Amino acid sequence: MKGSHLKKIDGYQIIKKLSENKYTETYQVKKDQKTYIFKALKPEYVADFNAISKLHYEYTLNQTLNTIPGVLAAQKLASKATTPETTKKDPDFEGILFEDFPDAISLESYLADQARLNFETFFKVAVEISEVLNNIHLKKIIHKNLNLNNILVNPETLAIKITGFNLAAKMIETREPEIKPATFAGDLHCISP
């Protein structure tokens, strides 16, 4: 994982970078002895309408899922971060501040740190992920981009939180058209039903 491009986020201290994708970087941050997760657009996408729209969509959709245990609850949409390239007091920067989730790391990092998972650990994590996904589906939402970076885990308790709803879709009661592989958006590493 590359280094952080952020040096501070509106009074929040950056603890560590958790993950990144093409458009965003996700950090664990701290303020007033409490930790949070902050998802920020990369500087090259700050003015990109599609990237900003996806971030705003993710925040709005996440608001409908905030009551589900195991979904990382969005607390506010933020626009106050500074990068090494900009020292303006209030630059144009977009991000989402999520709930407190201490000691979180991506499932990808957790698995990379483990020499081998025992059956008990594997099934505990797998069942918890399945239960959270079931509750998301009961709200008529399909994640569409579930991957190891969108699942956060506390390595001590094995509690999980699912995030990354920027490609998620609301299910409707009508028949959906067939999806052609060339137009598919998202990852096929972990696929939602």
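The values are calculated or read from the model by the stated rules, or taken from the named source; none is laboratory data. The structure displayed is predicted, hence computed values, not measured ones. Ideal geometry is used to build each Cβ from the backbone, glycine not excepted, and the neighbour counts take in all protein chains shown. Quick note on the areas: whole protein, heavy atoms, side chains included, nothing else; ligands and nucleic acids left out. Shrake-Rupley method; radii C 1.70, N 1.55, O 1.52, S 1.80 Å.
Points to keep in mind about this one:
- Cβ-Cβ FRET estimate between Thr157 and Ile14, R0 fixed at 30 Å, reported to 0.05: 0.80
- All other residues whose Cβ lies under 10 angstrom from that of Ser19 are scored, Lys and Arg at +1 and Asp and Glu at -1, for a net of -1.
- Computed on protein heavy atoms with a 1.4 Å probe, the accessible areas place Ile129, Ile151 in the order Ile129, Ile151, largest first.
- You can think of it this way: the chain between Ala47 and Asn118 has 21.0 nm of extra reach, that is 0.36 nm per residue less the Cα-Cα gap.
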